[in-house]
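S.K.: Can you keep this structure in mind? I'll have questions shortly.
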Amino acid sequence: MAGTIVIGSGGAGSNTVSRITADHIPVVTINTGDHGSTISMADGNVDGCRGDHDLGWALAYDYKDDIGKAIAGYSNVIVTAGLGGGTGSGTIPVIEECVRESKARMVSVVSIPMPFEKTRRETAVRQMKKIIQISDRTILFDIGKMPMRGGDSLPISKAISLADEMMKEAIVRIYDMLEGPFFSTLSEKVYTIAFRSSNDPVKAATSAMNEYLFDADPGYGKIIATSDSKIGRADMKAISETIGSRTGIMPEIVCGKNEGDHNVMLFIPISYRSLLS
Ligand SMILES: Nc1nc2c(ncn2[C@@H]2O[C@H](COP(=O)(O)OP(=O)(O)OP(=O)(O)O)[C@@H](O)[C@H]2O)c(=O)[nH]1
Ligand SMILES: [Mg+2]
């Protein structure tokens, strides 16, 4: 078994995955009543699960063989969804069963709705706790944190498409690194990310430090700073010192081999216990 596959489930998950254009990344979408999906549950006769995750779960069980076939042979499964609805959050536990049966690993990349979606957000937080428990690693996004990136007047549709873009970036970064020793580098159970692009890696890392996409205590555990491009020794030292002086913990730095701009993504650990309490 080798390789990684990405599954987007539900409306939000499918939108995120549709942004992945890299040919080398295999993707699968699961949705309810959507013929455009790889796995279209309920034969297109219904319009989603209308927020009913028990229905999403029951439908996913009917399609468990298809899900199992889709992930067969892969050693890592990255699953993405917007929590708070029925399909995405309902299918993840069934995907997890398939992952366990094929002895693979599962990384969940999931978002929590805006604070104004009060009931959905409360539901999403409950679903999130279950997903953290069943996933090998979870990356959390709070869509309520997106507007801060563009000033606080970012329209909702922009915040959502920004969230999709950020989640896509996180998935591609994780995808590119999971084949190496990255999984063990992500030694905590739960992370959020911060992402900035600049020709100066120190600048990118420094401004990313102000933009966690989920509430996190910066002094909890080791931040992993990743860039897709090479970072010189002096810049590595400056990044370590900047993050180290802010958090009290020296980060781990992992960089790729590309030339050019630095797409710096920080993986910021979140205390598992505080999330579950
Ligand atoms: N990131 C992102 N979030 C979205 C999008 N559309 C909706 N959301 C958020 O994600 C949550 C779940 O919505 P959906 O993905 O539509 O739900 P679903 O999994 O398809 O579930 P059902 O439609 O109930 O079957 C919503 O409460 C929104 O906050 C999107 O396109 N992208
Ligand atoms: Mg839907």
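Just so it is clear, none of the values below were taken in a lab; they were calculated from the coordinates. Here the structure is a predicted model, which is why all the values come from computation and not from measurement. A quick note on method: Cβ atoms are made from the backbone with ideal geometry, for glycine too, and the neighbour counts reach across all protein chains shown.
S.K.: I want to check a number: in segment 194-276, how many lysine pairs have alpha carbons closer than 16 Å, given a sequence separation of 8 or more or different chains?
M.R.: Close lysine pairs found across segment 194-276: 4.
S.K.: Mind checking which lysines have their Cα closer than 21 Å to the Cα of Lys118? Skip sequence neighbours fewer than 8 apart in that chain.
M.R.: Leaving aside lysines fewer than 8 places away in the same chain, those within reach of Lys118 are Lys129, Lys130, Lys145, Lys158.
S.K.: Can you tell me the orientation of helix 87-101 relative to the chain, as the angle in degrees between its alpha-carbon axis and the longest Cα principal axis, to the nearest 10?
M.R.: That helix lies at roughly 80 degrees to the long axis.
S.K.: Something else about it: In a Debye calculation with equal point scatterers on the alpha-carbon sites of segment 194-276 and no solvent, what is log10 I(q)/I(0) at q = 0.11, 0.13 Å⁻¹?
M.R.: Log10 of I(q)/I(0), two decimals: -0.26, -0.36.
S.K.: In debye, nearest 20: dipole of the chain around its Cα centre with unit charges on the Cβ of K, R (+) and D, E (-)?
M.R.: The dipole magnitude comes to about 660 debye.
S.K.: Please give the FRET efficiency for Asp43 paired with Lys69, using the beta carbon to beta carbon distance and R0 = 25 Å, rounded to the nearest 0.05.
M.R.: With R0 = 25 Å, the Cβ-Cβ based efficiency is 0.90.
S.K.: Which residues' amide hydrogens lie under 5 Å from the amide hydrogen of Thr138, considering only partners 5 or more residues apart or on another chain, with H built in the peptide plane?
M.R.: Distant-sequence amide H within range of Thr138: Ser108, Val190, Tyr191.
S.K.: In whole Å, largest first, what are the principal axis extents of the Cα atoms in the chain?
M.R.: Principal-axis extents of the Cα atoms in the chain, largest first: 58, 43, 34 Å.
S.K.: May I ask you to list the lysines whose Cα is less than 17 Å away from that of Lys103, ignoring any residue fewer than eight positions away on the same chain?
M.R.: By straight Cα distance, Lys103 reaches Lys64, Lys69.
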